[in-house]
1. Could you count how many residues in the range 591-611 are open to solvent by 80 Å² or more (accessible area, probe 1.4 Å), within 23 Å of the chain's Cα centre (by Cα) and under 28 Å from Tyr78 (Cα atoms)?
2. On the given criteria, is His104 assigned to a helix (DSSP H, G or I), without any contact (Cβ under 8 Å) to a residue 24 or more places away in the chain and more than 20 Å from the chain's Cα centre (by Cα)?
3. Give the number of residues within the range 403-413 that are among the hydroxyl-bearing types (Ser, Thr, Tyr) and over 13 Å from Val368 (Cα atoms).
4. Kindly provide the set of residues from the range 554-571 that are open to solvent by less than 30 Å² (accessible area, probe 1.4 Å) and touching a Gly at 6+ places or on another chain (Cβ under 9 Å), ordered by number.
5. What pairs come out if I take residues in the range 203-229 that are of a type in the set (S, T, N, Q) and pair them with residues that are in a loop (DSSP other than H, G, I, E, B) and surrounded by 15 or more Cβ atoms within 10 Å (Cβ to Cβ) whose C-beta lies under 6 Å away, six or more apart or interchain?
6. Pick out the one residue from Asn438, Asn442 that is in a helix (DSSP H, G or I) and open to solvent by 20 Å² or more (accessible area, probe 1.4 Å).
7. Answer yes if at least one residue in the range 284-306 is farther than 30 Å from Thr565 by Cα and either out of contact with any Leu (no Cβ under 7 Å at 6 or more places or on another chain) or assigned to a loop (DSSP other than H, G, I, E, B) (or both), and no otherwise.
Amino acid sequence: MRRRKTVFVDSDILVIGGGMGGCGATYESRYWGRDLKIVCVEKANIERSGAVAQGLYAINCYMGMQWNENLPEDHVRYARNDLMGLVREDLGYDIARHVDSTVHKFEEWGLPIMRDPKTGRYQREGKWQIMIHGESYKPIVAEAARKAATEVYNRIMVTHLLMDKTRPNRVAGAVGFNVRNGNFYVFRAKAVIVAAGGASHIFKPRAVGEGMGRTWYAPWSSASAYALPILAGAKMTQMENRIVLTRFKDGYGPVGAYFLHLKTYTENAYGENYEPTWYEHTRQLVGNYVDRHPVPTCLRNHALLEEVKAGRGPIRMVTKEAFQDPHKETVGWENFLGMTIGQAVVWASQNIDPKEINPELTTSEPYVMGSHATCSGAWASGPEDCAPAEYRWGYNRMMTVEGLFGAGDTIGGTAHKFSSGSFTEGRIAAKAAVKYVNDLGNDQPQVSEAEYEDLKKTVYKPLENYAVGRNEIVAGTVSPSYLLPIHGLQRLEKIMDEYVGGIGAHYTTNEPLLTRGIELLGMLKEDLAYLGAEDLHQLQRAWELQHRVLASESVTQHTLFRTETRWPGYYYRADHPKLDDKDWHCFTLSRYDRDSGKWEMEKAPVYHIID
Ligand SMILES: Cc1cc2nc3c(=O)[nH]c(=O)nc-3n(C[C@H](O)[C@H](O)[C@H](O)COP(=O)(O)OP(=O)(O)OC[C@H]3O[C@@H](n4cnc5c(N)ncnc54)[C@H](O)[C@@H]3O)c2cc1C
């Protein structure tokens with residue numbers, strides 16, 4: 001095999017992933033750590049990477065405290081209600097109290113925020129959302145991170161974390177490879193902040209062969225945020241809380257601005273308001289959550305799903321009325337052009353003019369993330385002034401592994417942080433990480449040469465598998481001795497879809513299905529040793545698949561553990577169809593033992609610190 005060069009990079013703080021959380025962490029690390037070496041490593045290029053790559057049309061988390069619009073406590077209540085009672089209120093409060101200052105920085109750095117001409121305040125789209133001209137949102141945020149970092153390493157996919165030679169539960173850095181030149185990177189760091197985004201493509205998407213990659217969540221979000229900490233032994237929380245989105249069909253264009261700003265509404269195929277039809281039924285399942293305002297996101301999906309199952313689909317968004325107003329028509333189109341251009345293209349290609357035709361809605365396949373209307377992710381220590389003792393074992397946003405911090409989609413229990421909250425959480429994690437590094441004194445972590453040399457062999461193994469195995473085939477892609485990443489991905493998506501509650505199973509699963517799903521995932525994991533990669537691009541795909549499989553296993557274990565249906569509309573445990581506050585008003589926690597391959601599950605209490 002070709003010898004690969006090893007490049008060593010030393011840092012005080014290593015930020016993995018240069019999306020919203022990572023840029024926030026990089027920026028704030030410099031503020032508190034003027035003399036520290038701050039390195040950000042990103043598998044794409046921070047200029048246009050992550051879920052915000054294409055731009056956004058709204059910042060979904062802004063309190064507006066300068067105008068007495070909302071208090072942080074209000075946001076905690078909102079997120080708690082939307083997540084059916086279960087959020088880490090300490091973490092959510094911590095983000096909410098700081099998020100406005102983040103948004104003010106964005107504006108100072110050049111992000112155009114729309115203003116209400118009458119009041120001069122930021123133009124609200126809804127109670128928490130403000131509207132932006134956000135095509136260049138990510139480059140603006142990335143510029144701040146670039147100026148703050150000692151070095152930014154683009155095009156390096158991080159595959160594993162490195163642990164301290166003498167203290168096995170302490171992080172010491174990370175390894176990865178350059179996806180362009182194939183060099184192997186060993187990052188030695190005193191503290192690591194993981195901000196590697198969420199996970200798409202773990203469940204089979206609606207668009208497969210004909211449009212694979214056309215998912216709601218970014219196709220490059222490959223679960224590294226979960227797999228890296230899981231492999232290092234960090235505890236995870238709420239991994240069963242996968243999210244399903246109601247979006248415009250085929251393009252996954254967002255519906256928020258339509259509902260909130262354009263005041264459009266939905267109806268079934270026969271022009272009827274279907275939500276009241278399912279009121280009693282939903283009440284039987286979840287009690288008075290159905291009466292809450294706003295109705296939790298999952299329950300709104302639930303009514304739509306039931307209506308479609310009853311044969312009265314498709315569900316349509318009534319746009320014809322709103323689009324008669326030229327201003328609203330402009331806003332409707334701009335909303336896509338600044339954020340999801342693909343939806344405008346889909347409509348154009350399918351002869352859909354929303355002024356003439358009410359477009360169809362659909363529900364997406366499930367995704368795993370920690371920053372939207374869902375809260376899967378790592379179990380993190382809370383802020384010292386407001387976290388209950390049980391949630392506080394170290395520095396703010398430190399996971400259960402020493403020196404390992406997280407932000408954005410990585411951190412669990414804190415829904416509704418969105419882009420601004422993820423950046424804010426990066427800032428919070430960075431401030432704590434700087435303190436951690438300063439407190440280390442001479443007690444600094446050391447990487448083990450044996451560990452990174454072993455990982456180097458493991459990382460490039462798929463290239464070797466391919467180089468050897470390709471001689472056994474004459475043509476085509478099917479080999480007796482290796483599995484291509486796309487084959488592995490499709491096998492994963494099929495297992496998750498059929499056994500863990502994807503679109504093909506109407507989001508429904510049960511104990512026998514989950515148990516079989518775990519067995520099949522185990523078999524898939526065995527075969528991952530035979531992944532074959534024909535080039536560096538495929539090597540990246542191979543490692544993305546490894547990360548997705550581990551995160552999927554975590555999702556499946558959590559779904560099996562929680563014997564209730566907490567979020568109908570996101571998924572259903574058919575054998576436990578109701579919400580069960582008596583036994584399950586709690587967080588689920590898992591810890592993976594990478595030596596034995598076993599998962600330990602436990603419950604953690606939910607403390608309500610806001611009335
Ligand atoms: C479709 C969609 C629409 C949204 N709409 C809005 C909206 O309108 N308003 C709003 O405020 N928020 C919105 N959000 C939410 C917002 O985008 C996220 O909350 C935010 O981007 C999460 O930040 P993050 O840092 O966790 O992840 P990201 O911003 O996705 O960043 C993760 C980064 O990690 C990198 N990475 C991943 N794996 C590795 C690896 N192994 N090695 C190195 N780098 C890696 C990725 O390339 C990426 O740059 C939306 C999200 C989505 C998906």
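1. 1
2. Spelling it out, His104 is indeed assigned to a helix (DSSP H, G or I), without any contact (Cβ under 8 Å) to a residue 24 or more places away in the chain and more than 20 Å from the chain's Cα centre (by Cα).
3. Adding up the residues that qualify gives 0.
4. Thr556, Thr559, Arg566, Tyr570, Tyr571 - these are the residues of the range 554-571 that are open to solvent by less than 30 Å² (accessible area, probe 1.4 Å) and touching a Gly at 6+ places or on another chain (Cβ under 9 Å).
5. Taking only residues 6 or more apart or on different chains, the pairs are Thr215/Ser200; Thr215/Pro205; Ser221/Gly197; Ser221/Gly198; Ser221/Ser200; Ser224/Ala196.
6. Step by step, each of Asn438, Asn442 is checked, and only Asn438 is in a helix (DSSP H, G or I) and open to solvent by 20 Å² or more (accessible area, probe 1.4 Å).
7. no
Yes/no matrix, rows are residues, columns are (1) open to solvent by 10 Å² or more (accessible area, probe 1.4 Å); (2) under 27 Å from Pro568 (Cα atoms); (3) in contact with an Asp or Glu (Cβ under 8 Å, 6 or more places away or on another chain); (4) near the ligand (Cβ under 9 Å from one of its atoms):
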| site | (1), (2), (3), (4) |
| --- | --- |
| Glu47 | yes, no, no, no |
| Leu56 | yes, no, no, yes |
| Cys61 | no, yes, no, yes |
| Met65 | yes, no, yes, no |
| Glu69 | yes, no, no, no |
| Asp74 | yes, yes, no, no |
| Tyr78 | yes, yes, no, no |
| Asp82 | no, yes, no, no |
| Arg88 | no, yes, no, no |
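The values are calculated or read from the model by the stated rules, or taken from the named source; none is laboratory data. Note that the structure is predicted; figures quoted are calculated from it, not measured. A quick note on method: Cβ atoms are made from the backbone with ideal geometry, for glycine too, and the neighbour counts reach across all protein chains shown. Calculation scope for accessible area: heavy atoms of the full protein, side chains included, ligands and nucleic acids excluded. Shrake-Rupley method; radii C 1.70, N 1.55, O 1.52, S 1.80 Å.
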